[in-house]
Amino acid sequence: MSKLEGTIFNIQKFSITDGVGIRTLVFMKGCPLHCLWCSNPESQNGKPEIMDVRLNCVRCENCAAACPEKAIDPASFRIDRTICSACGICAEQCYTNAKKTVGQIYTIADLMDVIIRDRVFYKNSGGGVTVGGGEPLMQAEFVAAFLESCQAVHINTAVETCGYGPWEKVQLVFHHADQIFFDLKLMDSEKHRKFTGARNSLILDNAVRMGRLGKQVVFRVPLIHGINDDAENLEQIADFVREQMKYNDNISLELLPYHSYGRDKYRWLDRHYPLNDEGTVPDEVMEAAKSFMKNKSLNLI
């Protein structure tokens, strides 16, 4: 089996979202975008990090004593992230899980050993494995090899992606995905750069190419109030999907409401959370958006 290694920050079993049936969700670490509303900030950096869940701290001093870089203040137990190497020693010494490492290295064999244990659940429910992140395309060779290994033992595969990456890597991953969840956030390139950190030309180019692969595709639109829930953006998304996906009959669209569930994670990583609850789309706006997409003859799920 492949000797490739991948960095994963979470494996969630027995999920009934992100694909059909009972699924295992594999979250890859690292993302080329930094969306203002990101609910998994621990996914953005491709390297392991230390989360500091201070509410769990009982001030036992184990972490500060063990840290080889002396990056933990012995009075407040806060992490000086300018010198922390994320070696994980503090997390190993913390019995209350106040300090914990996010990001673990897996080989394909390691990951398949986890996945294969639940094969009976996939078989009975029609489920399988969904790889998300972060962004799976940032570890394309590993993800493609993993999906290929799943398909070799008849496990359904899906991938969640923002679509940002060179086509040769994108195609490599998509080739082994039975279903693709593809994000469309903002159609205006400058607004896309402002709110996600990158322009969208590469994403849209890859979406067009993906449409010609004949795969089952769900375009996902996370609606953020005041950012991308305006009529102009929705119209442009609808027109893009209708025009560019006309070669594929397996296209659906899903509107996702904004949530702030990841807010605590920013604090645990000593980062500022920019939106709070101000991004929540009013119910009437969400319903209007759904009606608009249905009136455009799009298959809304």
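Is there a residue in the range 11-20 that is part of a loop (DSSP other than H, G, I, E, B), small (Gly, Ala, Ser) and crowded, with 22+ Cβ neighbours inside 10 Å? Scanning the range 11-20 turns up at least one residue that is part of a loop (DSSP other than H, G, I, E, B), small (Gly, Ala, Ser) and crowded, with 22+ Cβ neighbours inside 10 Å. Taking each residue of the range 257-286 that is under 25 Å from Asn45 (Cβ atoms) and at pLDDT 90 or above and looking for partners that are part of a helix (DSSP H, G or I) and acidic (Asp, Glu) with beta-carbon atoms closer than 8 Å, six or more apart or interchain, yields Lys265/Glu42; Leu269/Glu42.
Taking the range 70-110 as the range and being of a type outside the set (Gly, Ala, Ser), touching a residue at least 40 places away in the same chain (Cβ under 8 Å) and under 21 Å from Leu4 (Cα atoms) as the test, the residues that pass are Val102, Gln104, Ile105, Tyr106, Thr107, Ile108. Looking only at the range 1-27, how many residues end up being of a type in the set (Gly, Ala, Ser) and at pLDDT 95 or above? The number of residues fulfilling the criteria is 3.
If the condition is being touching a Ser or Thr at 6+ places or on another chain (Cβ under 8 Å) and open to solvent by 80 Å² or more (accessible area, probe 1.4 Å), then the range 70-126 contributes Gln104, Ile105.
Looking across the range 183-224, just one residue is modelled with pLDDT under 95 and open to solvent by less than 30 Å² (accessible area, probe 1.4 Å), and that is Gly211. With respect to (1) part of a loop (DSSP other than H, G, I, E, B); (2) in contact with a strand residue (DSSP E or B) (Cβ under 7 Å, 6 or more places away or on another chain), the lone exception for Ile83 is condition (2). Find the residue count for the range 7-20, including only residues that are under 15 Å from the mean Cα position of the chain (by Cα) and of a type outside the set (Asp, Glu). Here the count works out to 9.
Once the range 21-68 is narrowed to residues that are open to solvent by 50 Å² or more (accessible area, probe 1.4 Å) and of a type in the set (S, T, N, Q), the residue that is farthest from the chain's Cα centre (by Cα) is Asn62. Select from the range 146-164 the residues that are assigned to a loop (DSSP other than H, G, I, E, B) and farther than 25 Å from Tyr258 by Cα and write down the one among them that is least open to solvent (accessible area, probe 1.4 Å). So the residue we want is Ile155.
Selection over the range 260-301 of residues that are hydroxyl-bearing (Ser, Thr, Tyr), in contact with a helix residue (DSSP H, G or I) (Cβ under 9 Å, 6 or more places away or on another chain), within 30 Å of Ile50 (Cβ to Cβ) and not in a helix (DSSP H, G or I) gives a count of 1. Scanning the range 112-134 for residues that are small (Gly, Ala, Ser) and in a helix (DSSP H, G or I) yields one hit, Ser125.
The values are calculated or read from the model by the stated rules, or taken from the named source; none is laboratory data. Keep in mind it's a predicted model, so treat the numbers as computed, not measured. Reconstructed Cβ throughout: ideal geometry from the backbone, glycine too, with neighbour counts over all protein chains shown. Ligands, DNA and RNA are stripped out before the accessible areas are found, and what is left, the full protein with its side chains, is counted by its heavy atoms. Shrake-Rupley method; radii C 1.70, N 1.55, O 1.52, S 1.80 Å.
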